[in-house]
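Q: Have a look at this one before I ask anything.
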Amino acid sequence: MANNGKKQIDNTKGELVMENVTRVFRIPGAPACTALRECSLTVPRGSLTVLVGPSGCGKSTLANIAAGYDHPDSGKVLINGRPVTGSGRDRIMVFQETALWPWMTVMKNAVFGPAMAGHISKAEAEKKAMALLKKVGLEEFKDKYPAQLSGGMQRRAELCRALVMDPKVMILDEPFRGLDVMTRELMQEYLLTLYRDTGLTMLFITSEIEEALFLADRILVMTNLPGTVKTEVDVDLPRPRDFHVLSTERYRQIKAQVMDSLYEEGAKIFAKLDRAEDLLGTCAN
Amino acid sequence: MANAAAISGPTFGVRVRKFVVSKQFTRGALAVLGFFVLWQAGSMGLFPFMHAIPTPVTVAGSFWEFMSTGKYWQSWMDSTLRVMYGFVAAQILGIPLGLGMGWNRNFKDFSYPLFELMRPIPPLAWVPVSILFWPTNESSIAFITFIGAFFTIVVNVLGGVSAIPRQLVDAAVSFGASPRQVFWRIVLPATIPSIVTGMMVGIGITWNVVIAAEMIAGNTGLGRLTWEAYLAGHTPGIIVGMISIGVAGYVSSMAVKMIGDWLMPWKKVF
């Protein structure tokens, strides 16, 4: 990743590899649903890789497997070449819905991880959390409860909570879904700032092409069920990015490339929906 | 709760004074006052069907007489203690049982069917058995009161544990929390709102139950006081008893609400 201006490659950052991951959901009384089939992908160390795909294509299943909340029926998940099972603090996930603990203040939420892991002292954890909260404009809200924050603030607090842990890989599963457009754009900028400053490996999942293009070093386009990575697109737009990037020729070219790939998938769903027997086999998210 | 002080702000005295002049208090007080005015008018002939009901003024006179007797205050004491015993025992046994059923699948498989068989039996249906089983009247009334609150709290806690959003637990596990830490730091606090709801509902039920149990099996208490007034044909006395029960229930729910607010600084009970 020569284009994102990061200083050095750090061994604490992780490379996430999924090899031929297959996940089949078997629900009694319903046809088996293959959410992922032979899905392979690589999230290079220190990159911001964005996975896009139509909704219900197995993106969340993939996120859950990468985070270790779910297990593949076959295939492997590797961090820096070592297979991983179960969840761990090397892979922190930011969920679609807020997962801040409502009974803890923002600061308590942020230092919960270090308190559990015990890898740094409490004072150190608070200092680190404070620095991150400052970066996203939440320092004055550190003693508020999540319910006292707006949706956007909650998402920012959650990003801080994850970043305090210095995860090897950060997995963000449609983290800005449900936010209004302005807040969403602001959140994307905050995320890019945090990415620039930490250089963490990030796997960002979304169903919005614009969001993907704005954020990504690399875009992975996912096929419809059964899900697998279909196309990889390098996003060589210069960083730091702002809204001007949206009007460049290169942006349009990449967007067209991604959209072609996605529309093929979209068209497939509609073709499928025409056939009633296949409708039964299509399982939503 | 470390932040309770930061959230609650001004002292208790200041808050009471603020409350008395607040809109909320004025509205509630107006409704109570309006109720008594209507009642007075009704008993004086505005509503003919109320002819047998003594006026609030008459009742107030009886109230004064009752309050000057030791028996009246002893009734308060006895009923309150029975409610306390039953209610506290129900929390002590019910909260862990609900948490256990929600947390451990195997334990739930064992206990849930038995629990659901017992739950529909109304507290008062336990009266004969508990009189036979418990050595004293006092203990059987406390037991029936306990039954009234127990099932409610267990169902609430179990529901609360089951409704914890998965990602709250998943996130804690990712951050390296052990199962024990997940239980104490995530599951328990996440269940507090349900525990408080169970307590709010439970305290109301215990007052219902204790009064009925006293009427059937008791020699003392506010329920017995009311019943005796009825047996003696002393209508104002019945109403004194009823109002006393209402006040007792109201004060107890306020106390539970305060406990709830103290337990959950991140959220108001209602």
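Derivation of every value follows stated rules applied to the coordinates shown; laboratory data play no part. All values derive from a computational prediction rather than experimental measurement. Cβ placement follows ideal geometry from the backbone for every residue including glycine, while neighbour counts extend to all protein chains displayed.
Q: Restricting to DSSP H runs of at least four residues, report the calculated mean residue ellipticity at 222 nm for chain B, -39500 (n - 2.57) per run over all residues, nearest 500 deg cm²/dmol.
A: On the way: 12 runs with 204 residues, N = 270.
Per the formula, -25500 deg cm²/dmol.
Q: Now a separate question. Which residues make up the longest stretch of chain A clear of GluC sites (Glu not before Pro) that lie in a DSSP loop with no more than 16 other Cβ atoms within 10 Å, not counting the sites? Please list the in-between numbers first.
A: Numbers: sites that count: A:E97, A:E208.
Result, exposed sites excluded: A:98-207.
Q: Moving to a separate point now. Cross-link candidates for A:K135: which aspartates and glutamates have Cα within less than 12 Å, leaving aside residues fewer than 8 places away along the same chain?
A: Within the straight-line cut-off, A:K135 pairs with A:E189, A:D197.
Q: What number in nm² do you get for the stretch B:86-170 if you take the convex hull of its Cα atoms and divide its surface by four? Present the calculation step by step, with values, prior to reporting the outcome.
A: Values: hull surface 24.1 nm².
So the Cα hull casts an average projection of 6.0 nm².
Q: Given axes a ≥ b ≥ c from the Cα gyration tensor, I'd like to know whether the stretch A:98-166 is rounded (a/c under 1.5), prolate (a/b larger than b/c) or oblate. Each step should come with its number before you reach the end.
A: Values: a/c = 1.82, a/b = 1.49, b/c = 1.22.
It comes out prolate by the Cα gyration axes.
Q: Where in chain A lies the longest segment free of trypsin sites (Lys or Arg not before Pro) that are both loop residues by DSSP (not H, G, I, E, B) and have at most 12 other Cβ atoms within 10 Å? Don't skip to the end; give the middle numbers.
A: On the way: sites that count: A:K7, A:R26, A:R275.
Within chain A, the longest run free of exposed trypsin sites (Lys or Arg not before Pro) spans A:27-274.
Q: Further, regarding this structure: Relative to the longest principal axis of chain B, what angle (0 to 90°, nearest 10) does the C-alpha long axis of helix B:235-263 take?
A: Long axis of B:235-263 versus the principal axis of chain B: about 20 degrees.
Q: Check cross-link reach from A:K142 to the aspartates and glutamates: straight Cα distance under 14 Å, and skip same-chain residues fewer than eight apart.
A: A:E126, A:E158
Q: Now, a different point. Filter chain A for me: DSSP H helices, axial length by Cα at least 15 angstrom, mean Kyte-Doolittle hydropathy not below -1.0. List them by residue number. Can you show the working numbers first?
A: Numbers: long enough: A:106-117 (18 Å, 0.92); A:122-135 (20 Å, -0.70); A:151-163 (18 Å, -0.44); A:181-198 (25 Å, -0.25); A:249-273 (35 Å, -0.58).
Long hydrophobic helices here: A:106-117, A:122-135, A:151-163, A:181-198, A:249-273.
Q: Once a ≥ b ≥ c are taken as the square roots of the eigenvalues of the Cα gyration tensor of chain A, is the result rounded (a/c under 1.5), prolate (a/b larger than b/c) or oblate (a/b not larger than b/c)? Spell out each step's value before the answer.
A: On the way: a/c = 1.63, a/b = 1.37, b/c = 1.19.
Prolate.
Q: Could you pull out the pairs from A:K108/A:K144; A:K168/A:K255; B:K108/B:K257; A:K144/B:K267 whose alpha carbons sit more than 18 Å apart here? Provide the component values of the computation, followed by the final result.
A: On the way: A:K108/A:K144 10 Å; A:K168/A:K255 29 Å; B:K108/B:K257 29 Å; A:K144/B:K267 12 Å.
Pairs exceeding 18 Å: A:K168/A:K255; B:K108/B:K257.
Q: Collect residues whose amide H, placed 1.01 Å from N in the peptide plane, falls under 5 Å from the amide H of A:G227; neighbours closer than 5 in sequence don't count.
A: Excluding prolines and chain starts, which carry no amide H, the hits are A:L36, A:R37.
Q: Roughly how big is the protein assembly as shown's charge dipole about its Cα centre, with Cβ charges of +1 (Lys, Arg) and -1 (Asp, Glu), in debye to the nearest 20?
A: Numbers: 54 positive and 45 negative charges, 222 e Å.
Charge dipole of the protein assembly as shown: 1060 debye, to the nearest 20.
Q: Considering every residue in B:162-168, what mean count of other chain Cβ atoms within 10 Å of its Cβ is obtained?
A: Numbers: counts 0, 0, 0, 5, 4, 10, 7.
For this peptide, the per-residue mean of nearby foreign Cβ atoms is 4.
Q: Same structure, new question: Can you give me the C-alpha center-to-center distance between the stretch B:199-218 and the stretch A:42-119, rounded to a whole angstrom?
A: Here the answer is 50 Å between Cα centres.
Q: From the P(r) of the protein assembly as shown, can you give the percent of Cα pairs sitting at distances over 47 Å? Present the calculation step by step, with values, prior to reporting the outcome.
A: Values: 52477 of 153735 pairs.
Value for the protein assembly as shown: 34 percent of Cα pairs lie more than 47 Å apart.
Q: Sort out for me the Cα centre separation of the stretch B:119-196 from the stretch A:173-215, rounded to whole Å.
A: Distance between centres, Cα-based: 42 Å.
Q: Helix B:137-162: angle to the longest alpha-carbon principal axis of chain B, degrees 0 to 90, nearest 10?
A: 40
Q: If you don't mind, another one. Taking each residue of A:64-77 in turn, how many C-beta atoms of other protein chains fall within 10 Å of its C-beta, and what is the average?
A: Details: counts 1, 0, 0, 4, 3, 7, 0, 0, 0, 0, 0, 0, 0, 0.
The per-residue average across the peptide is 1.
Q: Going by the alpha-carbon gyration tensor, a ≥ b ≥ c the square roots of its eigenvalues, is chain B rounded (a/c under 1.5) or, if a/c is not under 1.5, prolate (a/b greater than b/c) versus oblate? Numbers along the way, then the final one.
A: On the way: a/c = 2.64, a/b = 1.49, b/c = 1.77.
Taking the square roots of the gyration eigenvalues as a ≥ b ≥ c, chain B is oblate.
Q: Can you list residues from other chains, or at least 5 along the same chain, whose modelled amide H is less than 5 Å from the amide H of A:V94?
A: Residues meeting the amide H criterion: A:I171, A:L172, A:D173.
Q: Turning to a different aspect of this structure: What's the angle, to the nearest 10 degrees (0 to 90), between helix B:56-67's Cα axis and the longest principal axis of chain B?
A: Here the helix axis deviates by roughly 70 degrees.
Q: Calculate, in whole percent, how much of the Cα-Cα pair population of the stretch B:1-126 lies beyond 19 Å.
A: Of all Cα-Cα pairs in the stretch B:1-126, 77 percent lie more than 19 Å apart.
Q: Another question, then. So what are the ³J(HN,Hα) numbers for the stretch B:99-115, from phi and the Karplus equation (6.51, -1.76, 1.60; θ = phi - 60°), rounded to whole Hz, Gly and Pro as x?
A: Working through the residues one at a time gives 4, x, 5, x, 8, 10, 4, 4, 4, 5, 4, 5, 8, 5, x, 4, 4 Hz.
Q: What FRET efficiency comes out for B:S178 versus B:R105 if R0 is 30 angstrom and r is the Cβ-Cβ distance? Round to the nearest 0.05. Write down the numbers at each step before the final one.
A: Numbers: r = 19 Å, r/R0 = 0.62.
That pair, B:S178 with B:R105, gives E of 0.95.
Q: Further, regarding this structure: Could you compute the FRET efficiency for A:H71 and B:A255, with r as their C-beta to C-beta distance and R0 at 35 Å, rounded to 0.05? Walk me through the intermediate numbers first.
A: Details: r = 49 Å, r/R0 = 1.39.
Working from the Cβ atoms, E equals 0.10.
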